[in-house]
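Read the structure below first, then the notes.
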Amino acid sequence: MNPRLQLTVDRLVILVICIAVWQVCSMEWGVHWFSSPLKMTNRFFEVVWNGDLFYHMDYTIRAAIYGFLVGGIPGALLPFVLRRMPVVSAVLDPYFAGGYGMPKLALAPLFVLWFGIDLEPKVALVAAIVSFLVFFSTMAGVQAVNAQYVNMARVAGANEKDIARHIVWPGAIPYSFAGFRIAAPYSIGAAVVGELISSNRGLGYMIQAGATDFDTTTVFVSLFTLTMIVVIVNVGVARCERWLLRWRPRTGAGASWVPGA
Amino acid sequence: MAAALAAAHGRGRKLGAGRMSAASPTLQVSGLGKRFPPRPGQAEAPWILADLNFSVAHNEFLTMVGPSGAGKTTLLNIICQVDAATSGEVNFLGKTMKAGNGATLKPGWDCQIGYVTQDDNLLPWRSLIDNVTFPLRIQGKLNDQTMERVTQLMKVVNLTGFERYYPHELSGGMRKRASLIRTLAYDPPIILMDEPFGAVDAQTRTTLQMDLLRLWNLGKKTIIFVTHDIGEAISLADRVLVLSRSPAKVVAEHRVNIPRPRDLSNVYKLDGFGDMFETVRKELL
C-alpha cells in the first residue's frame, strides 16, 4: 500500500476507535453525561441548518479577530520603537515582565465592569493576551538582530530607517510569527472564556447555556466547532508564514512545526 | 592640532620613503592605537593595536599578513569607521578620522570605502541579485547603467543563472563571490578585505583569488587585503606588510615584483616567491 494511503487509513482507524470509546461511555454511563456520537452529529447539522451555529460562531470569531488585531499590531510594532530608545526600554522592562506574568484571564470580570457585556470586553481580553505574546517574541527578534548585517548595511550607506526596514524588520518576522502562532489559538480561547463569564451570544455562551441545561450534546457541538476553527486558523497562519519566510530553508534550526499544517 | 597632523604626515613619509611609486597616499594611518574597555576586575585592557603607521597608494593592492589574533579585523573596522580608534588618526582623501568615542563615526566614509568581511553577511531573506544590488538600492543608485555593471560582474564570477536563488541555496564559494561583487558593484575607491577566503577549501580559494585579481584588473582600485596566509598575501599583492602579534605593529614591508598577470595555480614556482615566503615566515615567528 502506498505510504500516503496507509497514513490516511491509520488515522481513520484512530478516529473510529475514539468514536467507539465515546459510544461505549455514553451507553455505560448515560447519554445525559456524554451525549453520543450520533446525537452530536444530528445536533450539529440541526444548528447548521437553522443558522444557530453561525450566529454564535460569528460572534466568537469577530471577538478573536478584533482582539488579535488590537493587541497584535501594537505588540509587533512597539519593539521597533523601543529599539531606538534603550533607556526607555530598560526602564519599562520590569513593567512588561509584570504585565506578561499577570494572568490575563483573571482580568475578565474587570473588563466586564469597564466595557459591559457586549463584544468589547471579549476584544479587550483577547487583546491583552495577544499583545504580550506578540510583543515578547518580536522583541526577542529585534534584539537578536545580527550586528554584522547592521555594520554591512551601514558601510553600504544605510541610515537608521534603512536598517530598521531592510535588516531588523525581515530578521524579526520569524520571531513575530512564532508569537502569532501561539497567539492565534489563544485569541479564540480568550474570546470563549470572555463569553463563559458573561454573554448572551457566542460559542462560549453556547457551552455555558448547554451545561446549565444539562444539554451535553450542545456542549460537544460547540467544542467540536471550536476545535475545527482553531485547526483551520493554525493552518492559515502556517501557510502565511511559509509564504512570507520562503527565503528560509524548510528544515533545520528555527523551522516551525504546526500541528496539522 | 596642526602640529600633530604634520607629525603624523612626517611619520607616514618616513615609512613610505624608498618606495618606487611616486603616487601620493590615498589612505594614511598614523599612530593608530586601540584597546577595548577593561573587563570587570581588570585595571587596564591590553592594547590591540599600538602606534600603527602605514599608507596605501592609489590603485595599490596592499596585503597585510599577521598571526591570528593580531588585531587585523580590529584594524580594518577602524579604517572603515565601524569602530573608533583609541589613539591616532586615519586620513583619507583630505578627510581625517580622529580617535574618539564612536559617536561621530561614519561607517564606510560615505560609501567611499567598501568592506568585504570575513563572513559573507549576505541577507538570508534576499535573493542573490537583491543582495548584490543592496548597496546600490540603499544609495539610490540602482539604474540601468549600474544594473548593467552588476550583470557584468555576475558573469565574471560565474554567478549568472543564480540571480533568484536565496543564500542558503548557494555554496560557500558562490556566497563569497556574491559578497565580493556586492561591494564592487557600487565601486568605492578603496576596498578592505578581511580574510575573505578564509573559510573555503584550497581549490575554491585559488579560484576565488584568481577571480579577485581578474576583477581588480578590470577596474583597478585600491585594496587593503588582510590574511594570515603568507602565500595568499604574497601572490595577490603589490606590497606586503607583515604585522606582529598583538599589539599589532608593522614589522616589515616587502614589495612584490612578480609580474602580472600571475598564474595563481602555479604561484609557488614563480620567481622570488619562495625566498619571500621564507623571509615572511621568519618575520612572523
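All of the numbers you see were taken from the coordinates with simple rules; none came from a lab. What you are looking at is a predicted structure, and each value in this text was computed from that prediction instead of being measured. Cβ: placed from backbone, ideal geometry, glycine included. Neighbour counts: every protein chain shown.
May I ask you to derive the FRET efficiency for B:Asp144 and A:Val87 from their Cβ-Cβ distance with R0 = 45 Å, giving the value to the nearest 0.05? Provide the component values of the computation, followed by the final result.
Working: r = 46 Å, r/R0 = 1.02.
About 0.45, to the nearest 0.05.
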Label point distance in nm, B:Glu163-A:Leu223, each placed 7 Å from Cα along Cα→Cβ:
5.7 nm
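Let me know the charge dipole size of region A:44-244 about its Cα centre in debye, to the nearest 20, where only the beta-carbon of Lys, Arg (+1) and Asp, Glu (-1) is charged.
Working: 12 positive and 12 negative charges, 190 e Å.
For this selection, approximately 920 debye.
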Rank these for me by crowding, B:Thr146, B:Thr63, going from fewest to most other beta carbons within 10 Å.
B:Thr146, B:Thr63
Kindly provide the helix-only [θ] at 222 nm of the protein assembly as shown, computed as the sum of -39,500 (n - 2.57) over DSSP H runs of four or more divided by all residues, to the nearest 500 deg cm²/dmol?
-18000 deg cm²/dmol
So how strong a dipole does the protein assembly as shown carry about its Cα centre when Lys and Arg Cβ are +1 and Asp and Glu Cβ are -1, to the nearest 20 debye?
1500 debye
Checking the table B:Lys155/B:Lys220; B:Lys98/B:Lys220; B:Lys141/B:Lys221 against a 26 Å threshold on Cα-Cα, which pairs fail?
B:Lys98/B:Lys220
Just B:Ala199, B:Ala103, B:Ala237 to compare: in a GNM of chain B, with alpha carbon springs under 10 Å, which one fluctuates most?
B:Ala103
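Let me confirm one metric for peptide B:177-190, namely the mean number of other chain beta-carbon atoms within 10 Å of its residues' beta-carbons. Write down the numbers at each step before the final one.
Working: counts 0, 0, 1, 0, 0, 2, 3, 0, 1, 2, 0, 3, 0, 0.
Mean shielding count: 1.
I'd like to verify something in chain A: which complete DSSP H helices, judged by Cα projection on the helix axis, reach 30 Å or more and average at least 0.5 on the Kyte-Doolittle scale?
On the way: long enough: A:3-29 (39 Å, 1.13); A:52-83 (48 Å, 0.88); A:119-143 (35 Å, 1.57); A:169-197 (40 Å, 0.93); A:216-244 (42 Å, 1.38).
The answer, listed by residue number, is A:3-29, A:52-83, A:119-143, A:169-197, A:216-244.
In debye to the nearest 20, how big a dipole does chain B give about its Cα centre with +1 on each Lys and Arg Cβ and -1 on each Asp and Glu Cβ?
Details: 34 positive and 27 negative charges, 96 e Å.
That gives chain B a dipole magnitude of about 460 debye.
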Taking other Cβ within 10 Å of each residue's Cβ, how do B:Val56, A:Val219 sort, fewest first?
A:Val219, B:Val56
For region A:44-244, list log₁₀ I(q)/I(0) at each q in 0.10 Å⁻¹, using the Debye formula over Cα point scatterers of equal strength and ignoring solvent, two decimals each.
-0.51
When chain A is treated as a Gaussian network with springs between alpha carbons less than 10 Å apart, the largest mean-square fluctuation among A:Ser187, A:Ser89, A:Ser198 is found at A:Ser89
Between the residues A:Thr216, A:Ile232, A:Phe44, the Cα farthest towards the positive end of the dipole of region A:44-244, that dipole coming from +1 and -1 charges on the beta-carbon of Lys, Arg, Asp and Glu, is from A:Ile232
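Can you order the peptides A:145-151, A:135-141 by their average number of other Cβ atoms within 10 Å per residue, highest first? Mind dumping the intermediate values first?
On the way: A:145-151: 16.9, A:135-141: 22.0.
By packing density, highest mean first, the sequence is A:135-141, A:145-151.
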Mind listing which trypsin sites (Lys or Arg not before Pro) in region B:111-199 are in a DSSP loop and have 11 or fewer other Cβ atoms within 10 Å?
B:Arg164
Taking the Cα atoms only, what angle lies between the long axis of helix B:273-284 and the longest principal axis of chain B, rounded to 10 degrees?
50 degrees
Mean-square fluctuation maximum in Gaussian network of chain B, Cα pairs under 10 Å, restricted to B:Trp125, B:Trp109, B:Trp216, hits B:Trp125
In terms of modelled amide H atoms, which long-range or inter-chain residues lie less than 5 Å from the amide H of B:Ala85?
B:Gly100
Tell me the angle of helix B:2-16 to the major Cα principal axis of chain B, expressed in degrees between 0 and 90 and rounded to the nearest ten.
70 degrees
What is the spin-label model distance, in nm, from A:Leu69 to B:Ile258 if the labels are put 7 Å beyond Cα along the C-beta direction?
6.6 nm
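To the nearest whole number, what is the average tally of beta carbon atoms from other chains within 10 Å of the beta carbons of peptide A:156-166? Please report the intermediate quantities before stating the final value.
Numbers: counts 16, 15, 7, 1, 0, 0, 4, 1, 0, 1, 7.
Mean partner-chain Cβ count within 10 Å for A:156-166: 5.
Within 10 Å of each residue's Cβ, count the other Cβ atoms and sort B:Ser265, B:Ser235, A:Ser26 from fewest upward. Each step should come with its number before you reach the end.
Working: B:Ser265 12, B:Ser235 25, A:Ser26 20.
In order of increasing Cβ crowding within 10 Å: B:Ser265, A:Ser26, B:Ser235.
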How would you rank B:270-280, A:222-232, highest first, on the average number of other Cβ atoms within 10 Å across their residues?
A:222-232, B:270-280
